[in-house]
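All remarks here apply to the structure that follows.
The values are calculated or read from the model by the stated rules, or taken from the named source; none is laboratory data. Note that this is a predicted model, so its numbers are computed, not measured. Note: ideal-geometry Cβ built from the backbone for every residue, glycine included; neighbour counts use all protein chains shown.
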Amino acid sequence: MRYRVKSGSFLRRVGFAAAALGATGAMAQEDVAGQQTVITAAHMLDVQSGKTIDYPAIFVGADGRITNIADARTVRWGEGVKHIDLGDRTLLPGLIDMHVHLDGPADIGGYRGLEFTDSFWGMTAVKNARDMLDAGFTTVRNVGSDNRNDIGLKQAIDAGYAVGPRIVPAGYALGATGGHCDSTFLPPSLEKADGKEEGIGDTPDELRYQVRRQRKYGAEVIKVCATGGVFSRNTEPGQLQVPENELRAIADEAHQWGLRVAAHAHGAAGIRTAIAAGIDTIEHASLVDDEGIRMAVTRKRPVWFGMDIYNTEYTQAEGAKNGVLEDNLRKDREIAQIQRDNFRKAHRAGVRMVFASDAGVMPHGDVGKQFRVMVEYGMTPMQAIQAATKNAAEALGREGDVGAIAVGRYADIVAVDGDPLANIRELESVDAVLKGGVLVKGE
């Protein structure tokens, strides 16, 4: 279907309870002045209340933020207002992925990466960002990149030189020498002369400096690898690699600067240590134990789990062809089902959950496929959607601008043909995407 974009005076004869959306009563049966765009559709998911609202009229100002949500049956808008009519579709807030690597093409694994020059990865990030936007993800948190590719891409998108989602960048990920976030594939003769890669530290003071350094050059979140990983060499997922005093130094320093911290943590000991140290989000959480779940539920400062429970389907099917080493595929196989079972257990226990795909391990345009697995492992469709909207915005500290279709927030909106609450797989291929009230997919 082509979407009808109109301007001029228009009166919609449709109905819903405007009060349920917090619209101003003065909107009803009056001309709406000073609005730039109005977006209409048959249905809208209000992720804050968990309800479906019929026939919304969403007004957007020149700054791309929502100014009013009104009863499309009774509201009128005057000349010069652009009308985007999405017909019989259902609207959702723009989706948020809390764990992506935009400069990591999924089809290049292992030592195949050495075929390409250093600047190649930043170039691939441009397409990957567009793929994520087209998939309905209007905000992403990029948790670690080489050469600060995520920061450069954010700047290019914000300045209009590229098209993509809103990016929350981390710059370089932090970690221990020889750990998951260090370079572990090359011999000493090919390492840096001083022996340390960017982001690597082995004392609290070194890691505090790295927090300051990443922030200085544009990081808006700090990423640390607390345990070993699946797709590094010479590390195992369960290994604790950064002790509590170092993790606490990272968290305290980041919080002092107003930044939040994400900890890559597969192993149970690493998860418990990261929670005790004050880390804000636990990435992967694959081998979490009962005590780690209890700590996540009861800690006074909120902690969130972001568990990437889809991507193993891609890595096991395509990894060997892409060059991923068998040892990495072995680790992936060993933790995949454990992680899914622990996702169900953590969710059932009341752990705060956010959507986190680890895009880059799998293709960026496929991240919507994770919703199906989240529902299979215990979430309702609304809970899975809230993990990628309301919850993610809270975990980012961005409740004022993303994560819901609400007055004051950006008009970042996704439209699908069917009802995602009846069939969550509607989100595997969205039909239209708006960012800041501008239609970027569906024209």
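Restricting attention to the stretch 304-362, which residues are of a type outside the set (A, V, I, L, M), on the phi < 0 side of the Ramachandran plot and touching a Lys or Arg at 6+ places or on another chain (Cβ under 6 Å)?
Those that are of a type outside the set (A, V, I, L, M), on the phi < 0 side of the Ramachandran plot and touching a Lys or Arg at 6+ places or on another chain (Cβ under 6 Å): Trp304, Tyr310.
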Discussion item. With the requirement that a residue be surrounded by fewer than 19 Cβ atoms within 10 Å (Cβ to Cβ) and not in a loop (DSSP other than H, G, I, E, B), what does the stretch 415-427 give you?
Written reply: Arg425
Item to complete: For the stretch 89-118, enumerate the residues that are β-branched (Val, Ile, Thr) and out of contact with any strand residue (DSSP E or B) (no Cβ under 9 Å at 6 or more places or on another chain).
Response: Ile108, Thr117
Discussion item. Here's a check for you: in the stretch 388-414, which residue that is in a loop (DSSP other than H, G, I, E, B) and of a type in the set (Asp, Glu) is surrounded by the most Cβ atoms within 10 Å (Cβ to Cβ)?
Written reply: Asp412
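Residue-wise test of (1) at pLDDT 95 or above; (2) farther than 20 Å from Asn149 by Cα; (3) surrounded by fewer than 23 Cβ atoms within 10 Å (Cβ to Cβ).
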{"residue": "Asp202", "(1), (2), (3)": "yes, yes, yes"}
{"residue": "Arg208", "(1), (2), (3)": "yes, yes, yes"}
{"residue": "Val211", "(1), (2), (3)": "yes, no, no"}
{"residue": "Lys216", "(1), (2), (3)": "yes, no, yes"}
{"residue": "Lys223", "(1), (2), (3)": "yes, no, no"}
Worksheet item: Among the residues of the stretch 320-343, how many are in a helix (DSSP H, G or I) and either touching a helix residue (DSSP H, G or I) at 6+ places or on another chain (Cβ under 9 Å) or of a type in the set (A, V, I, L, M, F, W, C) (or both)?
Response: 15
Worksheet item: So which residues in the stretch 417-440 are under 19 Å from the mean Cα position of the chain (by Cα) and closer than 13 Å to Ala135 by Cα, if there are any at all?
Response: Arg425, Glu426, Leu427, Glu428, Ser429, Val430, Ala432, Val433, Leu434, Lys435, Val440
Practice prompt. Please list, ordered by first then second residue, the pairs with beta carbon atoms under 8 Å, 6 or more apart or interchain, first in the stretch 49-61 and part of a strand (DSSP E or B), second among the basic types (Lys, Arg).
Written response: Ala57/Arg12
Item to complete: Within the stretch 288-319, count every residue that is under 24 Å from the mean Cα position of the chain (by Cα), outside any loop (DSSP other than H, G, I, E, B), closer than 23 Å to Ala277 by Cα and among the acidic types (Asp, Glu).
Response: 0
